[in-house]
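Peer 1: Below is one structure. I have some questions about it.
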Amino acid sequence: MSLITAREPRAYGGIAGCLAVLLLGSFLACSGAPSEPEAPRRVFLITVDTLRADHMGIYGYPRQTSPELDRLAEQGVTFTRALAQWPKTGPSMASLFTGRYPKTTGLTHRAAQKIPGEYLTLPELFQSTGYSTLGVVSNAVLSAELGWNRGFDEFLETWTLGGAVSDDPVEHRKWVSAPLVNQLAIPALERHVDSERLFVWLHYSDPHAPYLLPEGTADPFLDDAFDTQDQLIEHELPPARALGGERRLGFYVAKYDANILVTDSYIGAILDHLESLGLLEDALVIFTSDHGEGLGEHDELFEHGREPYNTTAHVPLFITYTGVARAGRQVDHPIELLDLYPTLRELLQIPEGQVGLEGSSLVPFLGLEGAIDTRDLEPFRYAFSEAGGGQMLWRHYLSVQDGRWKLVFHPAVERNDRQLPPTFELFDLESDPQELENLAGQQEEEFDRLWEALSTWMESTPEPGQIDPDSEAYSEETLNALRALGYLN
């Protein structure tokens, strides 16, 4: 029987029975006795590749794609306007792991790149403070060969289970699915059950194209009440995205949603296992994705990275902490994935400063008691994101958004011996969440305000260097994986 339909959502880690610990200066146990705040003994970072926030139930999606994660989110703090810094896996995760923008790290445009050695990565930060560290990943863009194992005592890659890495998308898909993440993660977690302090990163990839389901898994959304999209795809899809000869857009959306449900079920199984091992006691759990996915909007079909819109930039993010982070709190301020690095630094109670971090700690949003000090909200007036690439590495969009308005800017560029002028797009996200109506030239006050914020931000970070697709040598195994994922021709 498929895990999709076999499990019911439930509470984890006894959160429902003990919702009382306070960050920000006090610790409130279930007995009510105050104490000093303590760093979490265990931290679990769970990331899902290519997961749109607006395709999860907790964010209002009508299909039941994420019952396990929705239940977990309800027991913590949910951020409704979280943005990836670049909607490609490498640049996005590098920002999360370094607390710096892609323009600063130089990791832009391309999915597969090495993190520069001068940055202390998040796992290295945990390792340096005495945590045992475990990583299990299912995307070769995040491989040890590209340096993503830095700071991990144990680092496991699902695609290595299949022997030689195939460049065929269908064959490769078998070795990057959620069942294999759990197959590696469960015994590894058991090996670390006695670790006094533990940091674990689990990365699932099932919502990434091609949207194939694990063998024997039910396909619950085809022809359901929400499968009403009869639009046909006009051009031929590449092998890394095509599913047979199917051309109906609604078919692909249903398949994408089914893969979210697969991931949700296996994450639920991991959470159950963590609870059975006692690892969710005194545990902080962070859930997010690296970016979303274009499902036909803005002519972006089952891909991501080249367009600046929230279909690929807006990501889910929620933080739960057994007895800590205020259950059910919803944060509508714009925040960025790079904010997670300074958040974890603060929760780890590392006293010395770290030069160069560009995010802001989210700890003020987590407290159980009282209103949030308005002074703590100042860093969250605006959120910034970039996009571009694909086959056109000269494309570079920069955007800023607040709670309602979004400005997209593409600088002037010389292309084919002619100068292309700069472009601007202004969207009212409240009335136009799909970003279809460009209001640049009509809303001057909002444009000027956002342009000032974006200009200041661009001036504060270095200009990106020249993109050289051949600047890094990869093994044939990594190249095959990148071909299978559609990142190389």
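The values are calculated or read from the model by the stated rules, or taken from the named source; none is laboratory data. Computed from a prediction, not measured in an experiment: that's the story for all the values here. Here Cβ is always computed from backbone atoms with ideal geometry, including for glycine, and neighbour counts include all displayed protein chains.
Peer 1: How many residues are within 24 Å of Leu274 (Cβ to Cβ), of a type in the set (Gly, Ala, Ser) and more than 21 Å from the chain's Cα centre (by Cα) if we restrict to region 165-219?
Peer 2: Result for region 165-219: 2.
Peer 1: Tell me, yes or no, whether region 388-401 has at least one residue that is assigned to a strand (DSSP E or B), closer than 29 Å to Gly486 by Cα and out of contact with any strand residue (DSSP E or B) (no Cβ under 7 Å at 6 or more places or on another chain).
Peer 2: Scanning region 388-401, I find at least one residue that is assigned to a strand (DSSP E or B), closer than 29 Å to Gly486 by Cα and out of contact with any strand residue (DSSP E or B) (no Cβ under 7 Å at 6 or more places or on another chain), so the answer is yes.
Peer 1: So if I check each of Thr311, Thr320, which one is among the β-branched types (Val, Ile, Thr) and in a helix (DSSP H, G or I)?
Peer 2: One residue alone meets the criteria, Thr311.
Peer 1: Filter region 152-181 down to residues that are assigned to a loop (DSSP other than H, G, I, E, B) and in contact (Cβ under 8 Å) with a residue 60 or more places away in the chain and give me whichever is nearest to Pro239 (Cα to Cα).
Peer 2: Restricting to residues being assigned to a loop (DSSP other than H, G, I, E, B) and in contact (Cβ under 8 Å) with a residue 60 or more places away in the chain, the top hit is Asp168.
Peer 1: A further question on this structure: Being polar (S, T, N, Q) and modelled with pLDDT under 95 is the filter here; which residues of region 160-177 pass it?
Peer 2: Thr160, Ser166
Peer 1: Do the conditions hold for Ile350, that is, is it of a type outside the set (Gly, Ala, Ser) and over 21 Å from Leu125 (Cβ atoms)?
Peer 2: Against the criterion (of a type outside the set (Gly, Ala, Ser) and over 21 Å from Leu125 (Cβ atoms)), Ile350 does not qualify.
Peer 1: Follow-up question, since we're still on this one. For Glu157, indicate whether it is modelled with pLDDT under 95, under 21 Å from Ser143 (Cβ atoms) and not polar (S, T, N, Q).
Peer 2: no
Peer 1: Sort through Leu69, Leu28, Leu22, Leu3 and tell me the only one that's farther than 26 Å from Glu124 by Cα and modelled with pLDDT of 95 or more.
Peer 2: Criteria check complete, one pass: Leu69.
Peer 1: If you go through region 287-334, how many residues are at pLDDT 90 or above, of a type in the set (Phe, Trp, Tyr) and over 21 Å from Leu426 (Cα atoms)?
Peer 2: 3
Peer 1: Take residues that are among the charged types (D, E, K, R) and tell me which of the helices (runs of 4 or more DSSP H) falling wholly in region 39-114 contain 2 or more.
Peer 2: Hits in region 39-114: 67-74.
Peer 1: Which of the residues that make up region 67-99 are buried (at least 24 other Cβ atoms within 10 Å of the Cβ) and among the basic types (Lys, Arg)?
Peer 2: Residue satisfying the conditions is Lys88 alone.
Peer 1: Do you know which residues across region 304-334 are over 15 Å from the mean Cα position of the chain (by Cα) and under 21 Å from Val141 (Cβ atoms)?
Peer 2: Arg306, Glu307, Pro308
Peer 1: Have a look at Ala209, Ala254 and point out the one that is hydrophobic (A, V, I, L, M, F, W, C), crowded, with 21+ Cβ neighbours inside 10 Å and closer than 30 Å to Ala144 by Cβ.
Peer 2: Step by step, each of Ala209, Ala254 is checked, and only Ala209 is hydrophobic (A, V, I, L, M, F, W, C), crowded, with 21+ Cβ neighbours inside 10 Å and closer than 30 Å to Ala144 by Cβ.
Peer 1: Inspect all residues belonging to region 349-363 and state whether any of them is on the phi > 0 side of the Ramachandran plot and in the same structural domain as Arg306 (by TED's automatic domain parsing).
Peer 2: yes
Peer 1: Pick from Leu340, Leu393: which is in contact (Cβ under 8 Å) with a residue 40 or more places away in the chain and in the same structural domain as Leu96 (by TED's automatic domain parsing)?
Peer 2: Leu340
Peer 1: Ok, one more. Could you please find all residues in region 194-215 being touching a Ser or Thr at 6+ places or on another chain (Cβ under 6 Å) and either hydroxyl-bearing (Ser, Thr, Tyr) or part of a loop (DSSP other than H, G, I, E, B) (or both)?
Peer 2: Ser195, Tyr204, Ser205, Asp206, Pro207, His208, Pro214
Peer 1: Looking at (1) over 25 Å from Glu196 (Cβ atoms); (2) surrounded by 24 or more Cβ atoms within 10 Å (Cβ to Cβ), which is the one condition that is false for Glu118?
Peer 2: Failing condition for Glu118: (2).
Peer 1: Going through region 182-206 one residue at a time, which ones are polar (S, T, N, Q) and surrounded by fewer than 17 Cβ atoms within 10 Å (Cβ to Cβ)?
Peer 2: Result: Gln183, single match.
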